[in-house]
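Only one structure is covered here, and it is reproduced in the block below.
The values are calculated or read from the model by the stated rules, or taken from the named source; none is laboratory data. Note that the structure is predicted; figures quoted are calculated from it, not measured. Ideal geometry is used to build each Cβ from the backbone, glycine not excepted, and the neighbour counts take in all protein chains shown. The area values use the complete protein model at the heavy-atom level, side chains included, leaving out ligands, DNA and RNA. Shrake-Rupley method; radii C 1.70, N 1.55, O 1.52, S 1.80 Å.
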Amino acid sequence: MTPTPSARPAAGTDPRPVADTAAASRGLRGRLTGLDGLRAIAVTLVVVFHLAPIPVLPGGFLGVDVFFVISGFLITTLLLREHVRTGRIRLGAFWLRRARRLLPALVLLLLVCGAAAAAVGGDTLLHLGSQLLGAATFSSNWIFIAQGSSYFDAATPELFRNLWSLAVEEQFYLLWPLAVLLLVLLPRRVRMWIALALAAASAAAMWVIADPSDGTRAYYGTDTHSFGLALGSFLAFAAQGWAGDRALWSRARRAALGILGLLSIGALVALAILLPEHDPFVFRGGLLLAAVLTVVAIAAAVTPGSLLGRALDLAPLRWIGARSYGIYLWHWPVYLLLDAAAPTWPREGWSGWALSGAALAITLTAAGVSYSALEQPIRTDGFRRTARLVLGWWRWGASSATAATVVTVLALGAVAATGWAVTRDPGVGSTQSQVEAGQAAISATPSPSASPSASAAPPQGDRISVIGDSVTLAAATELQTGLPGVDIEAAVSRQMSVAPQLVQALKDQGRLRPIVVVALGTNGSLSRTTLDEVRRIIGPQRELVLVTAQAPRSWIDPNNAILTAYAQQYRNVELSNWHDAVQPHLDQLNRDQVHFGGAGARLFTQTLEEALQRLAQLPPLRGDRDYESAPRPV
């Protein structure tokens, strides 16, 4: 598997002249400037995306793609360095170095957070066993895909959801060195073209596979999300030719590339500010664009004499970058555990920022201690020597023996607590339980035919059809209590775009009642055209109630503005303003700020009842002309 060592590379290994190989060796030698600074930027984007109580950086998840490009570049560079230096690539030694780098912090994270989950309980225990299995086998991304977990679902987030990206990288670390063993036998330009082809294939697969309603499969998949790793490898192959050639990089060229690199970093931050996670462009060019910008930034940073590289090597950035792996590991489970441990703590305003600040403080402390006390000693001394040193504590006096005893007891206790936590997996999250309860309530109630129009008295449930999504399902039991006989047609993840066909189907079945309630603004953008089609189908003999949406999503405010304006325009359209009604009570919502328990369901139903009351008090229509153009009474 590993090429035989020799004084000079075998014939055909590299067709470049010896002088070029020497230049490549010089270029690939030494520390690569700026990478820690880029890591710091990447992890900052991700942490702000996950922890900020408001969407400060709705596209901060792009930081993961910055990490991917850095990893692809760095790992390929290390492999090429070894091949240029020794004429061989020792796979066993490479994989051992990766294990030393990644495993200590990961094991500590799993034990500490697993034990904390045992104490906190609730949704933090959901699918914990399979998450630990995925972490141990570096297959988290595929396990999440198999389970149908959604990266974009905040209702019941997995405790170790962020380990999906570590799994993608580890799979790359396992397979890519095998490919490099063959690629080093080819001319450099051929290697570059192969890396570009792999990147293009992965990006194309993401474009084709991505589902507009939920892109989790395309986002988690190693096949669809490896273009950043491939582009980083492409840059490493390219740098092998020019990195050591100082004559190539005049002051003007270095300055021009530095400006491009700075602009690329600025563009990355702009994307993080402007590109929300549910935008279709994310999977159809957005992530690829972030990877390409990162390639330019890395090239500008590692070029000999780069001012950008020196700027990115400022002490604070280097400190964060060196610990970025630990920060990335800890920030998500720490936040979820704090969130679950304080269910009544307000999530909006300064209280929300305080919770996020506490999570950040714990994250930085844990990452710092892990880096200094665990990761660096093992990385420097290896597993065996570190183990011998730890075992030697018992012979270094009473204080060392006491410390060793405490550490051993804590470790064994964490293992036991984590195992116990796995056995307490509830199987179903709290939000899913609420939704399933609503589905069961709807299934247990027969679907009667449409009722005839009634007088201007407050409408009863048997005159109302409700079309909704999982929010409606969460409120279904309360809706049936407050509006007896109501006909509810709801399903998870529905969007407004399907409303016309749903309304038409109910009409064809004879189920469409005099009052039609549509609550479908949560899961995607809507348009007036869709509302016009719904209104055309229900006709002048029926009335329409539109329900505004509440969710931390970029399209919610535009959707609610359209719904509000539409209801103000027509006499037979009323607005149930759920969004405004729930704002003083956001602490009663689940952590996803979308779904709710009993109190939220009662408020949702009460808001709808008030809208129905207002609708009943309006004067009746005076014919088709009134239906088409009459303004609402003021």
field: Pair list, Cβ < 8 Å and 6+ apart or interchain, from the stretch 454-471 residues that are closer than 18 Å to T607 by Cβ to residues that are of a type in the set (S, T, Y) and modelled with pLDDT of 85 or more
entry: V466/T472; D469/T522; S470/T522; V471/T522
- request: Answer yes or no: is there a residue in the stretch 517-526 that is under 37 Å from the mean Cα position of the chain (by Cα), closer than 28 Å to E277 by Cα and surrounded by fewer than 23 Cβ atoms within 10 Å (Cβ to Cβ).
  value: yes
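Based on this model, can you work out whether H585 counts as open to solvent by 20 Å² or more (accessible area, probe 1.4 Å), modelled with pLDDT under 90 and assigned to a helix (DSSP H, G or I)?
yes
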field: Residues being more than 14 Å from T76 (Cβ to Cβ) and part of a helix (DSSP H, G or I) - total across the stretch 179-197
entry: 4
- request: Sort out which residues of the stretch 198-215 are open to solvent by less than 10 Å² (accessible area, probe 1.4 Å) and either part of a helix (DSSP H, G or I) or not small (G, A, S) (or both), and write them in order of number.
  value: A199, S202, M206
message: Please go through the stretch 473-498 and give me each residue that is open to solvent by less than 40 Å² (accessible area, probe 1.4 Å), of a type in the set (A, V, I, L, M) and in a loop (DSSP other than H, G, I, E, B), ordered by number.
response: A475, L483, V486, A491
Condition check for L175: modelled with pLDDT of 95 or more, open to solvent by less than 10 Å² (accessible area, probe 1.4 Å) and of a type outside the set (V, I, T): no
Tally, over the stretch 524-541, of residues that are part of a loop (DSSP other than H, G, I, E, B) and either in contact with a strand residue (DSSP E or B) (Cβ under 6 Å, 6 or more places away or on another chain) or polar (S, T, N, Q) (or both): 3
task: Taking L183 as meeting all but one of (1) in contact (Cβ under 8 Å) with a residue 60 or more places away in the chain; (2) buried (at least 19 other Cβ atoms within 10 Å of the Cβ), write down the number of the exception.
output: (1)
query: Looking at D580, is it assigned to a helix (DSSP H, G or I), open to solvent by 20 Å² or more (accessible area, probe 1.4 Å) and at pLDDT below 85?
result: no
task: State the number of residues belonging to the stretch 31-80 that are among the hydroxyl-bearing types (S, T, Y), open to solvent by 10 Å² or more (accessible area, probe 1.4 Å) and modelled with pLDDT of 95 or more.
output: 2
- prompt: Would you pick out the residues in the stretch 557-567 that are farther than 14 Å from R535 by Cβ, surrounded by fewer than 21 Cβ atoms within 10 Å (Cβ to Cβ) and either in contact (Cβ under 8 Å) with a residue 60 or more places away in the chain or not small (G, A, S) (or both)?
  reply: D557, P558, T564
statement: Pairs returned, first residue in the stretch 300-319 that is without any contact (Cβ under 8 Å) to a residue 60 or more places away in the chain, second residue that is among the aromatic types (F, W, Y) and open to solvent by 30 Å² or more (accessible area, probe 1.4 Å), beta-carbon separation under 8 angstrom, 6 or more apart or interchain, are G305/W249
Failed item in (1) free of Cβ contacts under 8 Å to residues at least 40 places away in the same chain; (2) in contact with a strand residue (DSSP E or B) (Cβ under 6 Å, 6 or more places away or on another chain); (3) not hydrophobic (A, V, I, L, M, F, W, C), with D487 passing the rest: (1)
task: Could you please let me know if L307 is surrounded by fewer than 22 Cβ atoms within 10 Å (Cβ to Cβ), within 20 Å of the chain's Cα centre (by Cα) and modelled with pLDDT under 95?
output: no
- request: Could you check how many residues of the stretch 532-550 are within 23 Å of H278 (Cβ to Cβ) and either open to solvent by less than 10 Å² (accessible area, probe 1.4 Å) or free of Cβ contacts under 8 Å to residues at least 24 places away in the same chain (or both)?
  value: 5
